[in-house]
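Report on the following structure.
The values are calculated or read from the model by the stated rules, or taken from the named source; none is laboratory data. Because the structure is predicted, anything quoted here is derived from the model rather than measured. Cβ placement follows ideal geometry from the backbone for every residue including glycine, while neighbour counts extend to all protein chains displayed. These area figures cover heavy atoms from the full protein model, side chains too; ligands, DNA and RNA do not enter into them. Shrake-Rupley method; radii C 1.70, N 1.55, O 1.52, S 1.80 Å.
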Amino acid sequence: MKKVAFLSLFFASLFLRPALAQTAQRIAVDKATFANPLPVQFGDPYILLSKGTYYMYGTGGGADKGFAAYSSKDLMKWKAEGQVYFHDNKNGWSDPKANWGGAYWAPEVYEVNGKFYLFYSAQWKENPTQEAENFRIGVAVADKPTGPFIDLANKPVFDPGYPVIDANVFFDTNGKAYLYFSRCCYKHPVESEVADLARKNGWYKEIEESWVYGVELKPDFSGVIGEPVLLLRPPVQLSDKQSEWESRSVTAREVNRRWTEGSVTFKKDNTYYIMYSANHFGGQYYAIGYATANSPLGPFKKAANNPVLQKNSDKGGQVTGTGHNSVTYSPDGKEMFCVYHGRTEKTGDERVVFIDRMQVKDGKITISGPTTKPQKQPSGVPAAVTNK
């Protein structure tokens, strides 16, 4: 009788073993989580997905007068790939001795016809009037997402006659490409009711502003087509519903500037969305809003639910300075993620990377962040990657 019972248990275990293994694997996958901030000290993070691997680029991250990269298979664990762009390549046009160490900022990389193109901003060495902020946008190319990237030309993509930063490229379904950028606040005082308020209260004599523009790119990225179009700017009137949150750096007396920068554009259900950041990038009020349009060059209408991402330190959280985002997708393409930088009490002034889920429904963007608690892994992450 004991022998029969033993054999029954033995054969039952043969059938149960695969099922138990699958259950254990499911539990392992279900428990796979990640938490913000990621161990990546980037500002202005941008993620490219190429052949099943994510590549992250950003400002800083240990790069010396250039840009570094990280790679990941799952958006959770990141591997340092080292520096991928160096200012002194054969076509370098920037000035590494200028303010902010040459101001190598906000790189974004796009894969086009088997090549990889890195758009970025830096201080232009052609500076006859010795401007403190002489930023322009350049583009470099490489055969791999990890470089080395070489500038396409020994000059910026174009010269609008004023300093520009934060390049973002959108490829429309008709094959056209558009370059979005931010005209800097530098020497750009703008009259508004907020400026009047600042003068009346004795805060500042003038308020400088940065504005977001868009322009069509030449197919080979060698220049632009036509003149830039103004797309976004801070509100002129205090009664504008966007005015309060976009003017916090001024009303909090942080600085005499209002920013509209760090834009990223995408298209969904025939609607064009442009996300942007407002307020001082070095302060606690840096936050994200968005606007929508029926064409890539607008006119864009700002959303009623702005800002869609902002600090939570006033609500018991520890995150401030949330901004300059990009957008990426889970491995199976079913989930959208907002990739942005922020600061915590622990990181202090150091900007670090956050990744939080975002949704676009009925023309409205919502972001589930900022978060610091564990959240489930992105959908579609292979079990083999999770179990490593």
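Go through the residues of segment 167-175 one by one and say whether even a single one is in a strand (DSSP E or B), farther than 19 Å from Leu217 by Cβ and under 20 Å from the mean Cα position of the chain (by Cα). No, every residue in segment 167-175 fails to be in a strand (DSSP E or B), farther than 19 Å from Leu217 by Cβ and under 20 Å from the mean Cα position of the chain (by Cα). Tallying residues that are at pLDDT below 95 and surrounded by 20 or more Cβ atoms within 10 Å (Cβ to Cβ) within segment 318-345 yields 0. Please tell me if Thr146 is modelled with pLDDT of 95 or more, in a loop (DSSP other than H, G, I, E, B), within 30 Å of Ala35 (Cβ to Cβ) and open to solvent by 20 Å² or more (accessible area, probe 1.4 Å). Judged against the criteria, Thr146 is a match.
In segment 242-267, which residues are open to solvent by 40 Å² or more (accessible area, probe 1.4 Å), free of Cβ contacts under 8 Å to residues at least 40 places away in the same chain and either closer than 22 Å to Tyr110 by Cα or aliphatic (A, V, I, L, M) (or both)? Listed by number, the list holds a single entry, Ala252. Scanning segment 354-379 for residues that are in a loop (DSSP other than H, G, I, E, B) and touching a residue at least 12 places away in the same chain (Cβ under 8 Å) gives Gly363, Ser368, Gly369, Pro370, Thr371, Thr372, Lys373, Pro374, Gln377, Pro378, Ser379.
Taking residues in segment 304-317 that are open to solvent by less than 80 Å² (accessible area, probe 1.4 Å), and partners anywhere that are acidic (Asp, Glu) and modelled with pLDDT of 95 or more, the pairs with Cβ atoms closer than 8 Å and at least 6 places apart or on different chains are Leu309/Asp356.
Residue by residue, here is whether (1) more than 17 Å from the chain's Cα centre (by Cα); (2) more than 26 Å from Ser210 (Cα to Cα); (3) touching a residue at least 60 places away in the same chain (Cβ under 8 Å) holds:
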{"position": "Leu118", "(1), (2), (3)": "no, no, yes"}
{"position": "Val139", "(1), (2), (3)": "yes, no, yes"}
{"position": "Thr146", "(1), (2), (3)": "yes, yes, yes"}
{"position": "Val164", "(1), (2), (3)": "no, no, no"}
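Of all positions in segment 268-275, none carries a residue that is open to solvent by 30 Å² or more (accessible area, probe 1.4 Å) and within 27 Å of Gly62 (Cα to Cα).
Does segment 182-190 contain at least one residue that is outside any loop (DSSP other than H, G, I, E, B) and of a type in the set (Phe, Trp, Tyr)? No: segment 182-190 contains no residue that is outside any loop (DSSP other than H, G, I, E, B) and of a type in the set (Phe, Trp, Tyr).
Screening segment 65-78 for residues that are outside any loop (DSSP other than H, G, I, E, B) and aromatic (Phe, Trp, Tyr) and picking the one that is most open to solvent (accessible area, probe 1.4 Å) gives Tyr70. Among the residues of segment 83-137, those identified as open to solvent by less than 30 Å² (accessible area, probe 1.4 Å), in a strand (DSSP E or B) and of a type in the set (D, E, K, R) are Glu108, Arg136. Put simply, of Pro228, Pro234 the only residue that is touching a residue at least 24 places away in the same chain (Cβ under 8 Å) and in a loop (DSSP other than H, G, I, E, B) is Pro234.
The rows are residues; the columns are (1) touching a strand residue (DSSP E or B) at 6+ places or on another chain (Cβ under 7 Å); (2) of a type outside the set (Ser, Thr, Tyr); (3) farther than 27 Å from Thr53 by Cα.
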| residue | (1), (2), (3) |
| --- | --- |
| Phe116 | yes, yes, no |
| Trp124 | yes, yes, yes |
| Val139 | yes, yes, no |
| Asn168 | yes, yes, no |
| Ser192 | no, no, yes |
| Arg199 | no, yes, yes |
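For segment 222-265, a tally of residues being more than 21 Å from the chain's Cα centre (by Cα), over 27 Å from Gly202 (Cβ atoms) and aliphatic (A, V, I, L, M) returns 3. Scanning segment 347-355 for residues that are at pLDDT 95 or above and over 21 Å from Pro107 (Cβ atoms) turns up nothing. If the condition is being among the acidic types (Asp, Glu), crowded, with 16+ Cβ neighbours inside 10 Å and within 30 Å of Thr271 (Cβ to Cβ), then segment 149-201 contributes only Asp166. Selection within segment 30-64: residues that are open to solvent by 30 Å² or more (accessible area, probe 1.4 Å) and among the charged types (D, E, K, R). The member of this set that is modelled with the lowest pLDDT is Asp30. Looking only at segment 331-352, residues that are part of a loop (DSSP other than H, G, I, E, B), without any contact (Cβ under 8 Å) to a residue 60 or more places away in the chain and closer than 22 Å to Leu49 by Cβ come to 4 in all.
Among residues of segment 274-310 being among the aliphatic types (A, V, I, L, M) and within 17 Å of the chain's Cα centre (by Cα), the one that is nearest to Thr366 (Cα to Cα) is Val308.
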